[in-house]
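What follows is a single structure, written as structure tokens, with notes after it.
No lab work stands behind these numbers, since they all come straight from the coordinates. Because the structure is predicted, anything quoted here is derived from the model rather than measured. All Cβ positions, even for glycine, are placed from backbone atoms using ideal geometry, and neighbour counts span all protein chains on display.
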Amino acid sequence: MEHLTFDLAQRPLRELNQLLHTDAEAGKIGKVTVSNPDGAHNIAVGLNCPVEVEVIGHAGYYVGGMNKSASITVTGSAGTGAAENMMSGKVHIKGFASNGAGASAHGGLLVIDGDAGLRCGISLKGGDIVVGGSVGSFSAFMAQAGRMVICGDAGDALGDSLYEAVLYVKGNITSLGADAQIEPMSETDYAAVAALLQQSGPAFAAHDPHDFKRVASARTLYHWNADADQEY
Amino acid sequence: MDSKPVHFKRIAKEESWGYNRSTIDYIQNAAAHGLYEIRGLGAKRKVPHFDDLVFLGASLSRYPLEGYREKCSTKTILGTRFAKKPIELAIPITVAGMSFGSLSANVKESLGRAASEMGTSTTTGDGGMTQEERLSSKTLIYQCLPSRYGFNPDDVRRADAIEVVIGQGAKPGGGGMLLGQKISPRVAAMRTLPEGIDQRSACRHPDWTGPDDLAIKIQELRELTDWEKPIYVKVGATRTFNDVKLAVHSGADVVVVDGMQGGTAATQSCFIEHVGIPTLAAVRQAVDALEDLNMKGKVQLIVSGGIRTGADVAKALAMGADAVAIGQGVLYALGCNSETYVQNGAHFSAEDGYTALGTAAGFCHHCHTGKCPVGITTQDVILEQRLNPDVGAKRLKNYLKTLNMELTTIARACGKQNVHHLEPEDLVALTVEAAAMARLPLAGTNWIPGISGY
Ligand code: SF4
């Protein structure tokens, strides 16, 4: 299978995505290296096969959006909505990620070496997110399923209105959102954190799973309660 | 036998306008529960509507077409701006987005079958695409909602168009709601939620905020579908002039405007009745926005919210819509609020069902309970059998057919060979309010409030 270099300074994004949808899906391409991304939006969205994509530089919004099976690496930073609604595969941002990273991801693994902005993992639906740095406020808002490992700190209102997603935080949590609570770590939790750190690459191996706290839903907002004061 | 004179005691029954029985009931319900009322369907109060307009049929100054003989085209094409594969419909009447979850799988199948037979489209709703609906609906519009429940790139690729939902006429600014009774195992699995919880959907999209972001989001959907599929943007009617302009700037192929009469499966009734503007006012603003941008005919407009009859469709088209979408009318066609449901060709009373909900046929708005007496808005395995998909499909097809016949009847009477040739000049208003909102002359005058004279 071919290893291709695609220069976004020379050819339009449309051609890149078309190539990744047709030739890569037909098994003709094994890897694409994208040069000169220059913050372009929508790089490598909707991939549907186990192709490898390496973006040399910074990506704009929605890099790796709705990814299925592909493995996408960005050597620089990523804009809003990196790997949003990912189904499977892996997206690795070596720099920082902006707002809404991994939003509503149903599966796969999103690794962010640096910090992530606001609402990281919002509406998460089963995907895994590992962040080497800190996450901004409202992260994991309404997260339904999946796991987040945060090696740095978490901002305000972490895990507001959480459903069944579980968050592991090493650093400080500025505040927990409504219905989120800190729970004791079990052996399963330690094993889960260890496995996710290991999958995220050698840079993450230095973290000890025993340093992480578990945040999950207290499940008090799951049902209307006519007698309770409603927060809504 | 002695007969005695009867003495009646006079009982004064002067009802207060401000504190009438429904207001008293509202206050006492609030006092009893400390919680607002949640219900289904749309606004119940009277607002200026298409009923307040009439057509000027042809006469001496214009020629009519023969009602049954001369051709009157209803073909409708949506999504011609950017999409490689625009949507082609035989009629300008589509089925609005209603989720599997709020509706049973049987109902979704009925909608798909009836729409396909009539050559029109159905729309998924909050909660993902079911196999039943994809198989039965030839043209299926896939919604991308704030919650992203069940949202999946495979379904994006399987869809015929994508509708990015910003808001809904029944609750512009609010997210969806699905109470625990309706979160069956299948619904829960599709939405990745625990079974039986009271689901409250997000009201903002998770990965974009504002029109500049939306432009990039729309580009993502186009890239994902290799620019094949039309992208609709749906807004609840509020600041419609600005919202439609922003939707067009963001790159929409089609804008869907849903007025305050639009329905919902479950929302706070204060939201349904008090947020949003009437459909009549919204159509005018939406058409103004498109004309202002010189985009009329390039970006298509779908209007929804209280479209019930062929006359409503004709009026919406004459005011400048390219098509309409119907939600509640579809439910009524299937038997919503009917006294009976049909099984094996016979009618059975649904009274027990209405009584259990504390209501009666004609008054029901209890879709949120999941205990629909006629098997439409339910996930209950017993109740959902009250709507046979064959019966549902037949009734809906008849309804759509009737609307289309009424539409062409009016178009022919106005001398049009194509329903899309209906124009504002064919309409006048019966009330000052409707004249002002629709910017049409009051019947028998040339007075348009705010435009001509004062
Ligand atoms: S009859 Fe069914 S669909 Fe109609 S309002 Fe009642 S619950 Fe809703």
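Among B:54, B:164, the ranking by other beta carbons within 10 Å of each residue's beta carbon, starting with the fewest, stands as B:54, B:164. Close amide H partners of residue A:72, meaning residues 5 or more places away or on another chain with modelled amide H under 5 Å apart, are A:53, A:90, A:91, A:92. When the charge dipole of region A:38-217 is built from unit charges on Cβ atoms (+1 for Lys and Arg, -1 for Asp and Glu) and taken about the Cα centre, the candidate among A:146, A:59, A:174 whose Cα reaches farthest toward its positive end is A:59. Directionally averaged projected area (chain B, Cα convex hull): 29.1 nm². Counting neighbouring Cβ atoms within 10 Å and putting the fewest first, the residues B:279, B:240 line up as B:240, B:279. Nearest 500 deg cm²/dmol is fine: what mean residue ellipticity at 222 nm does chain B get from its DSSP H runs of n ≥ 4 alone, each adding -39,500 (n - 2.57), divided by its residue count? Calculated from helices alone, the mean residue ellipticity at 222 nm is -9500 deg cm²/dmol. Considering only A:14, A:119, A:214, the Gaussian network model of chain A with Cα springs below 10 Å gives its largest mean-square fluctuation to A:14.
Straight Cα distances below 13 angstrom link residue B:401 to the aspartates and glutamates B:117, with same-chain residues fewer than 8 positions distant left out. Applying a DSSP loop filter and a limit of 13 other Cβ atoms within 10 Å to the GluC sites (Glu not before Pro) in region B:68-155 leaves B:70. Contact order, relative form, for chain B: 22 percent (alpha carbon pairs under 8 Å, 6 or more residues apart, mean separation divided by residue count). Using only side-chain charges placed at the Cβ, +1 for Lys and Arg and -1 for Asp and Glu, the dipole size of the protein assembly as shown relative to its Cα centre rounds to 1740 debye.
Distance from the Cα centroid of region B:197-219 to that of region B:394-440 is 35 Å (rounded to whole angstrom). Of interest is the spacing of the C-alpha centroids, which for region A:62-86 and region B:87-141 amounts to 32 Å. Along the positive direction of the dipole of region B:275-392 (beta-carbon charges: Lys, Arg +1; Asp, Glu -1; about the Cα centre), which of B:283, B:350, B:388 reaches farthest? Positive-most Cα among the choices belongs to B:283.
Using the Cβ-Cβ distance between residue B:356 and residue B:46 with R0 set to 25 Å, the FRET efficiency from 1/(1 + (r/R0)^6) comes to roughly 0.25. If eta is 1.567 mPa s and T is 4 °C, what Stokes-Einstein diffusion coefficient results for the protein assembly as shown, Kirkwood Rh from Cα pairs, in µm²/s? The Stokes-Einstein estimate is 48 µm²/s. Placing unit charges on the Cβ atoms only, positive for Lys and Arg and negative for Asp and Glu, gives chain B a dipole magnitude near 380 debye about its Cα centre. Taking other C-beta atoms within 10 angstrom as a stand-in for reagent exposure, B:439, B:204, A:147 fall in the order B:204, B:439, A:147, fewest first. Scanning residues 5 or more positions from residue A:34 or on other chains, those with amide H under 5 Å from its amide H are A:6, A:54, A:55, A:56, with H placed 1.01 Å from N in the peptide plane. Remark: relative contact order (region A:38-217) = 12 percent; criterion is Cα-Cα distance under 8 angstrom and separation of 6 or more residues.
Charges on Cβ only, +1 for Lys and Arg, -1 for Asp and Glu, centred on the Cα centroid of chain B; of B:193, B:254, B:407, which one is farthest towards the dipole's positive end? Checking the options against the dipole of chain B, the answer is B:407. Here is how the number arises for chain A: DSSP H runs of 4 or more residues each give -39500 (n - 2.57), the sum is divided by the residue count, and the result at 222 nm is -3000 deg cm²/dmol. The separation of region B:343-379 from region B:7-28, counted between C-alpha centres, amounts to 29 Å. For the set B:108/B:397; A:68/B:85; B:71/B:416; B:315/B:397, the pairs lying more than 18 angstrom apart at their alpha carbons are A:68/B:85; B:315/B:397. Convex hull volume of the C-alpha atoms in region A:1-62, normalised per residue: 66 Å³.
Each label point was placed 7 Å from the Cα along the Cα-to-Cβ direction; for residue A:208 and residue B:28 their separation is 6.7 nm. Scanning residues 5 or more positions from residue B:143 or on other chains, those with amide H under 5 Å from its amide H are B:124, B:125, B:163, with H placed 1.01 Å from N in the peptide plane. Candidate cross-link partners of residue B:46 among the aspartates and glutamates, defined by an alpha-carbon separation under 20 Å and a same-chain spacing of 8 or more, comprise B:15, B:25, B:37, B:258, B:273, B:312, B:433.
The residues neighbouring residue B:430, those whose beta-carbon lies less than 11 Å from its own, together hold a net charge of -3 under the Lys/Arg +1, Asp/Glu -1 convention.
Of the cross-linked pairs A:28/B:217; A:28/A:94; A:125/B:217; B:44/B:75, which ones have a Cα-Cα span greater than 22 Å in the structure shown? Among A:28/B:217; A:28/A:94; A:125/B:217; B:44/B:75, the Cα-Cα distance tops 22 Å for A:28/B:217; A:28/A:94; B:44/B:75. Here region A:38-217 is treated with +1 on each Lys and Arg Cβ and -1 on each Asp and Glu Cβ, and its dipole about the Cα centre works out to around 280 debye. Counted residue by residue at 0.36 nm each, then reduced by the alpha carbon distance between them, the extension gain from residue B:423 to residue B:203 reaches 75.6 nm.
Backbone geometry of region B:7-19 corresponds, through the Karplus equation with coefficients 6.51, -1.76 and 1.60 at θ = phi - 60°, to 3J(HN,Hα) couplings of 10, 8, 8, 6, 10, 6, 10, 7, 7, 7, 6, x, 10 Hz, x marking Gly and Pro. Taking Rh as the Kirkwood radius computed over C-alpha pairs, what is the Stokes-Einstein D of region B:175-316 at 10 °C in a medium of viscosity 1.306 mPa s, expressed in µm² per second? Reported coefficient: 94 µm²/s.
Computed over chain A with a Gaussian network model linking Cα atoms closer than 10 Å, the most mobile of A:137, A:35, A:104 is A:35. Net charge near residue B:357: determine it from the other residues with C-beta under 12 Å of the C-beta of residue B:357, scoring Lys and Arg +1 and Asp and Glu -1. Around residue B:357, the charge tally is 0.
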